[in-house]
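The structure under discussion appears below in the form of structure tokens.
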Amino acid sequence: MKMAAQKRLDVLCKAMPTEWCLAERLDYLRRYLKSQHEETFHHSNRTADLAFHFTHYLPEFNQHRREELVMAMRCHDLGKLVINRSILDANRRLTDQEMVQTREHTTASFVLVGPHASDMVKNVAKYHHEAYNGMGYFGLKGEDIPFEARIAAVCDVFDALSSERTYKRGMTAGQALSIMTADKEDSRAMGRRTFDPYLMRAFSRYIVACREKEFTVQERESLDAYIQSQPMEDFKHDLSLNRGWSVHESGQRTLHDDKGVVKLLSRGGSVVYDRSKRDYEPSSKGSGLER
Ligand SMILES: [Fe+2]
Ligand SMILES: [Fe+2]
């Protein structure tokens, strides 16, 4: 971490008495964020709202985990407190050096939420800029990225695109989802490869359900085509298996075929079926994914 950012981080950590409980710590940091960079504060609240409503579309999420995720989203960008304000508000493409500094906010968020934060809060803080294709900040790929961080990435990018910032106008929901679901060949470009296909599909359905008026006919048609094609894209080579698969709380997927249970592991976008593990216990939760 750059010296100036590390210094700001140290000062901020020292400002918080060690006897504070977690709630006091996070409350202090959120109020401080509001006073220092209101835009990031509101962005964090909007992504928390998105995550709250979106996770109602995910059968593996219960109310307790949902509330934890809401807190995680409210805190995910606290690390921006240590990033130079001129970089945060830059109305231009960032230089490579500025990008390196911006990327440090995830580590700073992780440090700021502190050792007593839940795994969900810590994972979202540290990994919300990971990309499913491995092109994110730390280079984690596919289901190596914590499930909650994959959810955070979808909500975070959607809000970044659709909300108004000091330097840009907000996109409609249709425009934002067109970018997020575009089938880009370049793995570094924003598009469907950036996000978990299961989550991106469910998120698209959620956004269409609540913001339908923000779609042109063409955007709606191409999104419908995308929704129909997902999550099969991962499993294209064997569509006959594509029945009754479920996602566990960890984000691990399990697939049930006609002959028994098939455990599915996804690493870095490739899919491995382990047909030998017939005794694998399927989750009792969330067997009915959208098809
Ligand atoms: Fe961030
Ligand atoms: Fe964010």
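Just a few scattered comments:
- Whole-Hz ³J(HN,Hα) from phi, Karplus 6.51 cos²θ - 1.76 cosθ + 1.60, for region 98-114, glycine and proline x: 5, 5, 4, 5, 4, 4, 6, 5, 5, 5, 5, 4, 4, 5, 5, 5, x
- The residues packed around PHE52, meaning those with a beta-carbon under 15 Å from its beta-carbon, carry a net charge of -2 if Lys and Arg are +1 and Asp and Glu are -1.
- Look at ARG93, ARG192, ARG103 and count the other Cβ atoms within 10 Å of each Cβ; fewest to most, that gives ARG93, ARG103, ARG192.
- In sequence order, calculated HN-Hα J values of region 146-158 (Karplus, 6.51, -1.76, 1.60; Hz; x Gly/Pro): x, 3, 5, 6, 5, 5, 4, 4, 5, 5, 4, 5, 4
- Pairs from LYS126/LYS168; LYS2/LYS168; LYS14/LYS168; LYS122/LYS213 whose Cα-Cα separation, in the structure shown, is over 31 Å: LYS14/LYS168; LYS122/LYS213
- Summarised in one figure, the compactness ratio Rg/Rh of region 103-211, Cα atoms and Kirkwood Rh, is 0.98.
- Ordered by the number of other Cβ atoms lying within 10 Å of each residue's own Cβ, fewest first, LYS122, LYS141, LYS34 fall into the sequence LYS34, LYS141, LYS122.
- Calculated FRET value between MET1 and TYR57, using beta carbons and R₀ = 41 Å, to 0.05: 0.65
- Distant-in-sequence amide H partners of ARG165 (H built 1.01 Å from N, under 5 Å): GLY170
- FRET efficiency for the pair GLU38 and GLN228, taken as 1/(1 + (r/R0)^6) with r the Cβ-Cβ distance and R0 = 45 Å, rounds to 0.65.
- Global form of region 1-137, assessed from the alpha-carbon gyration tensor, a/c cut-off 1.5: oblate
- Going by neighbour counts of Cβ atoms within 10 Å, the residues MET120, MET99 line up, fewest first, as MET99, MET120.
- Under the simplified labelling scheme, the LYS184-ASP96 pair shows an inter-label distance of 1.9 nm, with each label point 7 Å from Cα along Cα→Cβ.
- Estimated FRET transfer efficiency (ALA209, GLU249; beta-carbon r; R0 22 Å; 0.05): 0.40
- Three-way shape call for region 3-230 based on the alpha-carbon gyration tensor, with the a/c threshold at 1.5: prolate
- Anisotropy class of region 8-88 from Cα gyration tensor, a/c 1.5 cut: oblate
- The distance from the alpha carbon centre of region 32-94 to that of region 114-131 is 12 Å, rounded to a whole number.
- Sequence-separation-based contact order of region 1-130, relative, with Cα cut under 8 Å and 6+ spacing, percent: 28
- Taking 0.36 nm per residue of separation and subtracting the current Cα-Cα distance, fully stretching the chain between MET135 and ARG169 would add 9.6 nm.
No lab work stands behind these numbers, since they all come straight from the coordinates. As the structure is a computational prediction, the values presented were derived from the model and not from experiment. Methodologically, a virtual Cβ is constructed for each residue, glycine included, from the backbone with ideal geometry; neighbour enumeration extends over all protein chains shown.
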